[in-house]
Amino acid sequence: VLAVPVLFKQALENTEMEEGKSVTLRCELTKADATVVWKKGEAALQASAKYEMKQKGTVAELVIHNAEPEDV
């Protein structure tokens, strides 16, 4: 069986954020419910009060709550 790779249909875009507010990063994949790992540098982010990961079908989102300049 030949595995079809998962690609980005819509990659992340530059997003302006306001310090102390929530910001949502969104991408769209070519395959529904593919495993998405969000990273900051080399470190994988874990769901917490600060980071919220959502995925519905081919759309994956990362919500950063109480955004700070260090989150960029």
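The values are calculated or read from the model by the stated rules, or taken from the named source; none is laboratory data. Given the structure is predicted, the values throughout are model-derived calculations rather than measurements. So basically every Cβ, Gly included, is an ideal-geometry build from the backbone, and we count neighbours across all protein chains shown. When the accessible area is computed, the model is the full protein with side chains, heavy atoms only, and any ligands, DNA or RNA have been set aside. Shrake-Rupley method; radii C 1.70, N 1.55, O 1.52, S 1.80 Å.
Using Cα pairs closer than 8 Å and at least 6 residues apart in sequence, work out the relative contact order for the chain, in percent.
This gives 35 percent for the chain.
Whole-Hz Karplus ³J(HN,Hα) for the range 26-35, in order, using 6.51 cos²θ - 1.76 cosθ + 1.60 and θ = phi - 60°, x for Gly and Pro?
Once θ is set to phi - 60°, the couplings for the range 26-35 become 9, 9, 10, 10, 7, 10, 5, 6, 5, 6 Hz.
Can you compute the modelled spin-label distance between Lys56 and Glu13, with each label point 7 Å from Cα toward Cβ, in nm?
With each label point 7 Å from Cα toward Cβ, the separation is 1.8 nm.
Over all directions, average the projected area of the Cα convex hull of the chain and note it in nm². List each step's numbers first, then the result.
Numbers: hull surface 22.1 nm².
Reported value for the Cα convex hull: 5.5 nm².
Using R₀ = 22 Å, calculate the FRET efficiency as 1/(1 + (r/R₀)^6) where r is the Cβ-Cβ separation of Lys21 and Ala47; round to 0.05. Before the final figure, lay out each step's value.
Details: r = 19 Å, r/R0 = 0.88.
Working from the Cβ atoms, E equals 0.70.
With every protein chain left in place and a probe of 1.4 Å, what is the accessible surface of Thr24, to the nearest 10 Å²?
Its heavy atoms expose roughly 50 Å² to the probe.
Give the carbon-plus-sulfur fraction of the accessible surface of the chain in %, rounded to a whole number; probe 1.4 Å, heavy atoms of protein chains only.
Details: 2900 of 5570 Å².
Roughly 52 percent of what the probe reaches on the chain is carbon or sulfur.
So, for the chain, what is the accessible surface per residue at a probe of 1.4 Å, expressed in square angstrom? It would help to have the intermediate numbers written out before the result.
Numbers: 5570 Å² over 72 residues.
Per-residue accessible area for the chain comes out at 77 Å².
Give me the extension gain from Lys31 to Asp71: residue separation times 0.36 nm, minus the current Cα-Cα distance, reported in nm with one decimal. Mind dumping the intermediate values first?
Numbers: separation 40, 0.36 × 40 = 14.40 nm, distance 2.78 nm.
My answer for the length gained is 11.6 nm.
Cross-chain or 8 or more residues apart, Cα under 24 Å: how many lysine pairs in the chain fit that? Count them up, please.
Within the chain, the lysine pair count is 20.
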